[in-house]
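Here is the structure we will look at, set down as structure tokens.
Just so it is clear, none of the values below were taken in a lab; they were calculated from the coordinates. All values derive from a computational prediction rather than experimental measurement.
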């Protein structure tokens, strides 16, 4: 049985929990899309960009002695892109509008990333 429907359910739940949520994606740490809820964003490109950003963020946390990467937040003029470590093999990326309550986003996305990580880590590798 594939875990993709369960991951998509997590993304839809996140959409319900966070106002101004525009879409989400679960990807492998190396940039391969596993599941997504993105309407106007190309998921393969976002997965590749997220992997690159996570690579830099991991090096940054290591170089400054801040431990292992957990999350990253980028703010643009039209909203936020947040990436959360999801277990050993995946990352959750959330795209939101500029009026998003970032505290609520972090609260709900961290919980979702934990559940997503458990699902992905327990699934057999393809």
Exercise for the section: Calculate how large, on average over all directions, the projected area of the Cα convex hull of the chain is; give the answer in nm² to one decimal. Expected result: 7.5
Practice task
For every helix of n ≥ 4 consecutive DSSP H residues, a contribution of -39,500 (n - 2.57) applies; sum these over the chain, divide by its total residues, and give [θ] at 222 nm rounded to the nearest 500 deg cm²/dmol.
Solution key: -15000 deg cm²/dmol
